[in-house]
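Beneath this line is the structure, given in structure tokens, with notes to follow.
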Amino acid sequence: MLSIGVSSTFAFLAVLSADGMVQEDYYEHGRAINMVLAKQERAADLGLQARLRIDPLTSDVVLDLEGDSRPERLDLELIFPTQDDRDIELVLEHVRDGRYLGQAPDNLRYRWYLQLQPEGDSPEWRLVGEARFPDENVIALTPGRPAAE
């Protein structure tokens with residue numbers, strides 16, 4: 001008899017409470033994904049790729065960008081996989097011939113996802129990558145798919 005009462009209570013609560021894991025606006029979510037993919041496709045069309053180095057002692061950031069785009073500033077976002085309050089945004093300045101410089105916080109550790117795009121509200125392209133600091137010396141940032149031939 002107790003199990004029937006407990007089961008009924010859980011069934012009642014399940015019907016009343018919302019499931020936070022369900023995406024409520026599928027259409028808007030799908031459009032956002034398509035916009036991200038379009039930015040990465042644009043990067044591939046421009047032949048963009050980058051090599052990133054962060055000095056483990058000085059935290060100097062050096063990025064070499066190859067391809068048909070040379071914005072004056074780039075936004076580099078370091079995304080921590082499990083805690084969004086640890087995400088870091090850096091601005092890299094173009095110094096010459098596709099080389100960009102910036103400064104990262106000291107003692108970067110663990111695994112991060114990386115996103116690189118021109119500075120601004122609606123950037124034209126985006127490169128992505130993944131790094132484990134301080135173990136990796138050179139990190140490749142790519143459009144996320146092979147460049148179009």
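In the stretch 51-70, how many residues are within 22 Å of Gln40 (Cβ to Cβ) and either charged (D, E, K, R) or touching a Ser or Thr at 6+ places or on another chain (Cβ under 8 Å) (or both)?
5
For the stretch 57-89, what are the residues that are buried (at least 16 other Cβ atoms within 10 Å of the Cβ), touching a residue at least 40 places away in the same chain (Cβ under 8 Å) and either among the polar types (S, T, N, Q) or in a loop (DSSP other than H, G, I, E, B) (or both)?
Ser69, Pro71
Please go through the stretch 90-127 and pick out each residue that is among the hydroxyl-bearing types (Ser, Thr, Tyr) and either touching a residue at least 60 places away in the same chain (Cβ under 8 Å) or surrounded by fewer than 16 Cβ atoms within 10 Å (Cβ to Cβ) (or both). So that I can check it myself, show each step before the final result.
Keep residues of the stretch 90-127 that are among the hydroxyl-bearing types (Ser, Thr, Tyr), which gives 100, 110, 113, 122.
Residues satisfying the conditions are Tyr110, Tyr113, Ser122.
To keep it simple, each residue is scored yes or no on (1) at pLDDT below 95; (2) farther than 19 Å from Asp55 by Cβ; (3) of a type in the set (A, V, I, L, M, F, W, C).
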| residue | (1), (2), (3) |
| --- | --- |
| Leu92 | no, no, yes |
| Asn107 | yes, no, no |
| Tyr110 | yes, no, no |
| Leu114 | no, no, yes |
| Gly129 | no, no, no |
| Phe133 | yes, no, yes |
| Val138 | yes, no, yes |
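For the stretch 128-138, indicate whether the set of residues that are surrounded by 12 or more Cβ atoms within 10 Å (Cβ to Cβ), within 15 Å of Phe80 (Cα to Cα) and out of contact with any strand residue (DSSP E or B) (no Cβ under 6 Å at 6 or more places or on another chain) is non-empty.
Yes, there is a match, as at least one residue in the stretch 128-138 is surrounded by 12 or more Cβ atoms within 10 Å (Cβ to Cβ), within 15 Å of Phe80 (Cα to Cα) and out of contact with any strand residue (DSSP E or B) (no Cβ under 6 Å at 6 or more places or on another chain).
The values are calculated or read from the model by the stated rules, or taken from the named source; none is laboratory data. Just so you know, these numbers come straight off a predicted model, no measurement behind them. Using ideal geometry, Cβ is built from the backbone for each residue, glycine included, and neighbour counts are taken over all protein chains shown.
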